[in-house]
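The values are calculated or read from the model by the stated rules, or taken from the named source; none is laboratory data. Owing to the predicted nature of the structure, the values given are computational and were not obtained by experimental measurement. Positions of Cβ are generated from backbone atoms using ideal geometry, with glycine treated the same way; all protein chains shown enter the neighbour counts.
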């Protein structure tokens, strides 16, 4: 009997403990630690696979935020994903290096591919269910392994998910609790393709050299007495809007990487295929349990209301996008009359420097102009009318 007290600690260690939910695990340990555990599971369930894909997806966002914070990067153009997310100022950022933009999107591209890998292993029509409280989600933006003010996922992603409704909501509103299911596997896979497609476009044109050249010119002007305030915003110190516009134009004038352009096209087409799969699966659901993206008979846990018939109208928009990406329909060109327009598919399969003046006048567009059926704006107009002024915000939600 004397040996029993000495065995009690070992027995306690061997006894099964109350399992911490995945949501709570992320809240207490962070995305990176949670990913490591999930990736090491010897026999993951479909819910584990979806969790790993989701954690890696959020990890891609976290990696981008960490790179931005370290260098104090802010995208004042609001054009690129990851760069336009709100971010607290770094009081002592490292010196910005021209390759940082490409490095960021290269990192994101790799992590998104890793996120999609476990999703592909999930059985069709799986009965997986994964509950996530958005109050538990956070990004270790300053990479100190501690959850600090401004690192809550809702603070970072809320404006993108809810648009103007984010600022008008009651600050005391609880964070949404979402129960992800099998249909959401296709939604998440589609989003990885969308963001990888954008990453491919950035990397195809690679802004590193234009940034280097324009920063050098800016630094010389500063050394000779400084630069005049921007006529667009009166901003002073560092690169201003004029410099950013020059970087954009100079980047588009570069010869794009053909393999990256083809990859971007394929990612966008895969996004459309996954999105169609999502709508087909969510249409079969009969429950109404804290939905991420609902069908006509469900409600969104985010509090976003989608008009009845959203599925049909959105799928029509996707049909048009696919037709443009495949070249079966042409994009209108502002100087072109008649049944002719731009074959957007050839922009991806036969990429060339995108000279802005050439596209305005027509000589840069000429290699892609041909006769054929033009895509109509009817489907997008119907979507805009249905969404009542929130079409752009909701298009990111619908993916």
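General observations
- The criterion of being closer than 27 Å to residue 190 by Cα, surrounded by fewer than 16 Cβ atoms within 10 Å (Cβ to Cβ) and at pLDDT 95 or above does not hold for residue 305.
- Contact map, the range 22-47: first residue on the phi > 0 side of the Ramachandran plot and crowded, with 20+ Cβ neighbours inside 10 Å, second residue part of a helix (DSSP H, G or I) and modelled with pLDDT of 95 or more, Cβ cut-off under 9 Å, separation 6 or more or different chains; pairs are 30/62.
- Test for residue 318: is it crowded, with 17+ Cβ neighbours inside 10 Å, under 21 Å from residue 191 (Cβ atoms) and either modelled with pLDDT of 95 or more or in contact with a helix residue (DSSP H, G or I) (Cβ under 6 Å, 6 or more places away or on another chain) (or both): yes
- Those residues of the range 332-350 which are buried (at least 20 other Cβ atoms within 10 Å of the Cβ) and either under 21 Å from the mean Cα position of the chain (by Cα) or not in a helix (DSSP H, G or I) (or both), in sequence order: 341, 342, 343, 348
- Pairs meeting the criteria (first residue in the range 375-399 and exposed (fewer than 13 other Cβ atoms within 10 Å of the Cβ), second residue assigned to a helix (DSSP H, G or I) and modelled with pLDDT under 90, beta carbons under 9 Å, at least 6 apart or on different chains) are 385/391; 392/384.
- Residue within the range 369-390 that is in contact with a helix residue (DSSP H, G or I) (Cβ under 6 Å, 6 or more places away or on another chain) and not in a helix (DSSP H, G or I) present: yes
Table: residues versus (1) modelled with pLDDT of 80 or more; (2) not in a loop (DSSP other than H, G, I, E, B).
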| residue | (1), (2) |
| --- | --- |
| 7 | no, yes |
| 13 | no, yes |
| 16 | no, no |
| 28 | yes, yes |
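- Within the range 125-148, the set of residues being more than 18 Å from residue 41 (Cβ to Cβ), assigned to a loop (DSSP other than H, G, I, E, B) and in contact (Cβ under 8 Å) with a residue 12 or more places away in the chain comprises 125, 127, 137, 139, 140, 141, 142, 143, 145, 147.
- Residue count for the range 237-294 under the criterion of being within 22 Å of residue 195 (Cα to Cα), assigned to a helix (DSSP H, G or I) and touching a strand residue (DSSP E or B) at 6+ places or on another chain (Cβ under 9 Å): the result is 0.
- Residue tally, condition touching a strand residue (DSSP E or B) at 6+ places or on another chain (Cβ under 9 Å) and under 28 Å from residue 101 (Cβ atoms), over the range 37-61: 1
- Some residue of the range 251-266 being within 21 Å of residue 97 (Cβ to Cβ), surrounded by 14 or more Cβ atoms within 10 Å (Cβ to Cβ), at pLDDT below 95 and more than 19 Å from the chain's Cα centre (by Cα): no
- Across the range 287-297, the qualifying residues are those that are without any contact (Cβ under 8 Å) to a residue 60 or more places away in the chain and crowded, with 18+ Cβ neighbours inside 10 Å, and the one among them that is nearest to residue 173 (Cα to Cα) is 294.
- Residue list for the range 167-215, filter: part of a helix (DSSP H, G or I) and free of Cβ contacts under 8 Å to residues at least 12 places away in the same chain: 167, 168
- Hits in the range 48-84 - residues which are more than 30 Å from residue 123 (Cα to Cα), touching a helix residue (DSSP H, G or I) at 6+ places or on another chain (Cβ under 8 Å), touching a residue at least 60 places away in the same chain (Cβ under 8 Å) and assigned to a helix (DSSP H, G or I): 65
- Residues (out of contact with any helix residue (DSSP H, G or I) (no Cβ under 7 Å at 6 or more places or on another chain) and either under 25 Å from residue 209 (Cα atoms) or touching a residue at least 12 places away in the same chain (Cβ under 8 Å) (or both)) located in the range 85-100: 88, 89, 95, 97
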